[in-house]
Amino acid sequence: MYRLSKLRFGFPIGLFLMLFLDGSISQVFSTHLFRTSATMVSHLVVLWLVCAVLFEDRFDIPVARWAAVAGAVFDLYYTGIFGIEIFIFPLVVYLTRVLANYISPNFLSGLLIYFIDITLVEALSYLASRMVHLTSMAGSAFLVTTLGPTLALNLALFVVLYFPIRGVYNWLK
């Protein structure tokens, strides 16, 4: 029972810590991350969710429900448009579960899954922004100035944070 209690409190605390770290990184490093030639968006929440699914065989966490809650907070706090991330984050959890069934979860397959998930998050966010006329950026410009740099940043964050996050999940079990 004690282990379950640690996990019940540890997972959401880590999720919301990552949520606020995303905003803090964006604020502190805004001059480096958001330029006209390249825009890099950190997705630490997605990293936390992907790692939860990859390590979930040892845990009993309602990841999809927490993803929806984190998506709602993300929408209200960062985007100002309710409804984009609240659907994208649970979709990422679902896609990660499907991919993890076909690929044995380890560091390299996790990197591949995270690559696919970040691409999905950015593409769906871009398409939603195009639909509600928040952006007029062409698709080719999006690929070059946003998706590519965002993938580079987040894959680097995955490489640096994968093992520390795995250690946190092992500690929480």
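The values are calculated or read from the model by the stated rules, or taken from the named source; none is laboratory data. In this text the structure is predicted, and so the values were computed from the model without any measurement. Note that we place each Cβ from the backbone using ideal geometry, even for glycine, and neighbour counts take in every protein chain shown. Just so you know, the surface numbers come from the protein's heavy atoms only, side chains and all, with ligands and any DNA or RNA stripped out. Shrake-Rupley method; radii C 1.70, N 1.55, O 1.52, S 1.80 Å.
Protein heavy-atom accessible surface, 1.4 Å probe, per residue over the chain: 53 Å².
Taking the longest Cα principal axis of the chain as reference, the axis of helix 44-54 is set at about 40 degrees. Peptide packing: for 62-71, 25-34, 41-50, 80-89, the average count of neighbouring Cβ atoms within 10 Å per residue gives the ranking 41-50, 62-71, 80-89, 25-34, highest mean first. Residue ranking by accessible heavy-atom surface, 1.4 Å probe, largest first, among 122, 56 comes out as 56, 122. Using only alpha carbons, region 82-173 has a radius of gyration to Kirkwood radius ratio (Rg to Rh) of 1.03.
Computed per residue of the chain from DSSP H runs no shorter than four, each worth -39500 (n - 2.57), the mean residue ellipticity at 222 nm is -24000 deg cm²/dmol. Stretching the chain fully between residue 78 and residue 98 yields a gain of 4.4 nm (0.36 nm per residue, less the alpha carbon separation). Overall, the ratio between the Cα radius of gyration of region 11-161 and 2.2 N^0.38 Å, rounded to two decimals, is 1.00. Annotation: amide H of residue 39 within the under-5 Å range of 146, sequence separation 5 or more or interchain, hydrogens built in the peptide plane.
Between helix 148-172 and the chain there is an angle of about 20 degrees, using the helix long axis and the longest principal axis of the Cα atoms.
Relative contact order of the chain, taken over Cα pairs closer than 8 Å and 6 or more residues apart, is 30 percent. The portion of the accessible surface of the chain made up by carbon and sulfur, rounded to a whole percent, is 69 (1.4 Å probe; DNA, RNA and ligands excluded).
Principal-axis analysis of the Cα atoms of the chain puts helix 63-74 at an angle of about 40° to the longest axis.
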